[in-house]
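*Asks:* Got a structure for you, questions after.
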Amino acid sequence: QVQLVESGGGLVQAGDSLRLSCATSGRTNKIYVMAWFRQAPGTEREFVAAISRNGGSASYGDSVRGRFTISREKDTNTVWLQMNMLKVKDTAQYYCAADEYFISTRATEYGLWGQGTQVTVSS
């Protein structure tokens, strides 16, 4: 059974940088579209970024565009989210997600999810 495992969350100050990682565990020959979502308490899950299977295209949420960068290791399902100029409002649980085919900004389109990693940004 394929699972997604995130790492890299933590407590940082506003203006700092942080890098999240996600990889698949378990046997798979598939290369997935990989994405990051986040969810703060009392809010809906928000699209952060996604990257195509070959890494050739990426999409970003409006609130992170220009500050966050998604990338992936070639021909694998290892993906990173480089987060720069972090703001207090970036505080959330960050989830890695995967889909077999297309980039989507909708959480319902993704069939695989990790357990999440907490990012807390203090002022």
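The values are calculated or read from the model by the stated rules, or taken from the named source; none is laboratory data. Being a predicted model, the structure only gives us computed values, none of them experimental. FYI the Cβ positions are ideal-geometry reconstructions off the backbone, even for glycines, and counts take in every protein chain you see. All accessible areas refer to the heavy atoms of the entire protein, side chains included, with ligands and DNA or RNA removed. Shrake-Rupley method; radii C 1.70, N 1.55, O 1.52, S 1.80 Å.
*Asks:* For Val33, state whether it is open to solvent by less than 30 Å² (accessible area, probe 1.4 Å), touching an Asp or Glu at 6+ places or on another chain (Cβ under 8 Å) and without any contact (Cβ under 8 Å) to a residue 40 or more places away in the chain.
*Replies:* Considered against the rule, which asks whether it is open to solvent by less than 30 Å² (accessible area, probe 1.4 Å), touching an Asp or Glu at 6+ places or on another chain (Cβ under 8 Å) and without any contact (Cβ under 8 Å) to a residue 40 or more places away in the chain, Val33 comes out as no.
*Asks:* Something else now. Whether any residue in the stretch 5-20 is surrounded by fewer than 14 Cβ atoms within 10 Å (Cβ to Cβ), within 23 Å of Arg106 (Cα to Cα) and of a type in the set (Val, Ile, Thr) is what I want to check.
*Replies:* No, because not a single residue in the stretch 5-20 is surrounded by fewer than 14 Cβ atoms within 10 Å (Cβ to Cβ), within 23 Å of Arg106 (Cα to Cα) and of a type in the set (Val, Ile, Thr).
*Asks:* Somewhere in the stretch 52-62, is a residue closer than 17 Å to Val121 by Cβ, over 13 Å from the mean Cα position of the chain (by Cα) and open to solvent by less than 30 Å² (accessible area, probe 1.4 Å)?
*Replies:* Taking the stretch 52-62 and keeping what is closer than 17 Å to Val121 by Cβ, we get 61.
Narrowing the set further to residues that are over 13 Å from the mean Cα position of the chain (by Cα) leaves none.
Scanning the stretch 52-62 turns up no residue that is closer than 17 Å to Val121 by Cβ, over 13 Å from the mean Cα position of the chain (by Cα) and open to solvent by less than 30 Å² (accessible area, probe 1.4 Å).
*Asks:* Now for a different question. From Val121, Val48, Val88, which residue is open to solvent by less than 20 Å² (accessible area, probe 1.4 Å) and either over 22 Å from Thr24 (Cβ atoms) or of a type in the set (Ser, Thr, Tyr) (or both)? Working first, answer last.
*Replies:* Working: Val48 fails: either over 22 Å from Thr24 (Cβ atoms) or of a type in the set (Ser, Thr, Tyr) (or both); Val88 fails: open to solvent by less than 20 Å² (accessible area, probe 1.4 Å).
The conditions single out Val121.
*Asks:* Hey, among Thr78, Thr28, Thr43, which residue is surrounded by fewer than 18 Cβ atoms within 10 Å (Cβ to Cβ), farther than 21 Å from Thr108 by Cβ and at pLDDT 95 or above?
*Replies:* Thr78
*Asks:* Of everything in the stretch 63-95, what is among the hydrophobic types (A, V, I, L, M, F, W, C), under 14 Å from the mean Cα position of the chain (by Cα) and over 13 Å from Arg19 (Cα atoms)? Give them in sequence order.
*Replies:* Once the filter is applied, which keeps residues that are among the hydrophobic types (A, V, I, L, M, F, W, C), under 14 Å from the mean Cα position of the chain (by Cα) and over 13 Å from Arg19 (Cα atoms), the stretch 63-95 yields Val64, Ala92.
*Asks:* Give the residues of the stretch 27-46 that are under 15 Å from Leu112 (Cα atoms) and touching a strand residue (DSSP E or B) at 6+ places or on another chain (Cβ under 8 Å), sorted by residue number.
*Replies:* Within the stretch 27-46, Tyr32, Val33, Met34, Ala35, Trp36, Phe37, Arg38, Arg45 qualify.
*Asks:* From the set of residues in the stretch 103-118 that are outside any strand (DSSP E or B) and hydrophobic (A, V, I, L, M, F, W, C), which is least open to solvent (accessible area, probe 1.4 Å)? So that I can check it myself, show each step before the final result.
*Replies:* So the first thing to find is which residues in the stretch 103-118 are outside any strand (DSSP E or B), and the list is 103-111, 115-116.
This time we only want the ones that are hydrophobic (A, V, I, L, M, F, W, C), so: 103, 107.
Working: Ile103: 60, Ala107: 31 Å².
For the stretch 103-118, the residue satisfying everything is Ala107.
*Asks:* So, Glu100, is that one in contact (Cβ under 8 Å) with a residue 60 or more places away in the chain, farther than 17 Å from Arg19 by Cβ and surrounded by fewer than 17 Cβ atoms within 10 Å (Cβ to Cβ) or not?
*Replies:* Answer is yes for this residue.
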